[in-house]
1. Filter the range 128-160 down to the residues that are more than 16 Å from the ligand (Cβ to nearest atom) and charged (D, E, K, R) and list them by number.
2. Only one of S252, S310, S321 is of a type in the set (G, A, S), open to solvent by 70 Å² or more (accessible area, probe 1.4 Å) and either under 19 Å from the mean Cα position of the chain (by Cα) or assigned by TED's automatic domain parsing to the domain that holds I214 (or both); which?
3. Given the criteria of a type in the set (V, I, T) and open to solvent by 50 Å² or more (accessible area, probe 1.4 Å), does V269 qualify?
4. Restricting attention to the range 223-249, report how many residues are part of a loop (DSSP other than H, G, I, E, B) and modelled with pLDDT of 95 or more.
5. Keeping to the range 175-208, report how many residues are in contact with a Lys or Arg (Cβ under 9 Å, 6 or more places away or on another chain), among the aliphatic types (A, V, I, L, M) and surrounded by fewer than 24 Cβ atoms within 10 Å (Cβ to Cβ).
6. Exactly one of these conditions fails for R302: (1) within 16 Å of the ligand (Cβ to nearest atom); (2) in contact with a Leu (Cβ under 8 Å, 6 or more places away or on another chain). Give me its number.
7. Here's a check for you: in the range 277-287, which residue that is assigned to a loop (DSSP other than H, G, I, E, B) and modelled with pLDDT of 95 or more is least open to solvent (accessible area, probe 1.4 Å)?
Amino acid sequence: MAARFKGGESLPRARQGRRKCEGGKQMSLRIGLIGAGIMGADHARVFAEEVPGTALQVICDADRKRARAAADSTGALDVTDDPLAVVNSSKVDAVVIAAPDPFHAPLALACIAAGKPVLCEKPLSQDVAKCLAVLAAEEKCGRRLVQVGFMRRFDPSYMEIRSLLVRGDLGKALVFHCFHRNVSPAYDFRAEMAICNSAPHEFDVARWMLDSEIRTVSVCRPRAGGDTAPVLMMLETEAGQLVNVEVNISASYGYDVRGELVGEKGTAVLRAPVHADINLGLKQINTYPADWRPRFVEAYARQNRAWVKSVNTGNPNHGASAWDGYCSTAVAAAGVEALHSGKPAKVELTAKPPFYA
Ligand code: ISE
């Protein structure tokens, strides 16, 4: 059982900075993965294929058959249907949470209580109060243990555009156009889910790209579209920039995420990782993926490698903290308010604790 920290006390050597070595060689980081659905199974694949220096110690899912299938295809050592057994296992050094959204915050709290670094799939929670509870627990523990899986920060194209901004090549950022299109709803997706589950990617990547908090959200939808009609949002940042976001969960033609950053001196357009143009039957063809995993395959690999490196060294990467997870959920809450009121909603944020400076 990992030591329990009352906050503030120093963590045992093994939990601070560089992890223990054996005979001068860094020991593999033993990963406990919770959730073997679409994202969990893909994280298992990413760790098995793309992240050296890690061992999939155990895969957990309420459906043991699903956990076993993911373990068999990735060489994970064990399976269970008990998430807390994963968190508290002495054979698990770090945890990946890829369970359904409502379990993200409770399991992140359990990881903090166990002193275990955790990569938590987005959103941290769809509930602002539950995000604040994670912030309070992490601050009390005295160590930044939580990274939230906003992997677009590690996508080469988003990174390229942000470096253009940081270098000043585009001048001041003015507008960020974002389009986020899924082929069809994964499950009971309504407008609220598009805002609280899908759009947090745009909320987070816009905050990161523009280096400014989001101050207000306006929402509208085409009356022609019915229940799964696209959700259009206009975000205004504290720095006075505008971010327009289209989230369309029933685009039908393909999984398609687009973006264009408009600066004073020029623009930069997001490019999907297309590796070949197909010429066939008097046509040139580009294909769209069926979902986000192929589109962000490089982003997930880079994110997970960066997370493992941070766990091993104690040095943070540019991934999203629990504070970032809270901020994107606060924006989503304002988005749902604006959806229902038909008026712009202000994003209410608590003061940023120095712990997250
Ligand atoms: C899903 O949870 C993701 O994170 C995908 O990146 C996003 O495109 C999809 O809409 C979400 O449901």
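1. Across the range 128-160, the qualifying residues are K130, E138, E139, K140, R143, R144, E160.
2. One residue alone meets the criteria, S252.
3. yes
4. 5
5. 1
6. Only one criterion is unmet by R302, namely (2).
7. G281
Matching residues to (1) out of contact with any Gly (no Cβ under 9 Å at 6 or more places or on another chain); (2) surrounded by fewer than 20 Cβ atoms within 10 Å (Cβ to Cβ):
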residue: M27; (1), (2): no, yes
residue: I31; (1), (2): yes, no
residue: G40; (1), (2): yes, no
residue: F47; (1), (2): yes, no
residue: T74; (1), (2): yes, yes
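The values are calculated or read from the model by the stated rules, or taken from the named source; none is laboratory data. Not measured: the values here are computed from a predicted model. Cβ atoms come from the backbone with ideal geometry, glycine included; neighbour counts cover every protein chain shown. We work out accessible area using only protein heavy atoms, side chains counted, and drop any ligands, DNA or RNA first. Shrake-Rupley method; radii C 1.70, N 1.55, O 1.52, S 1.80 Å.
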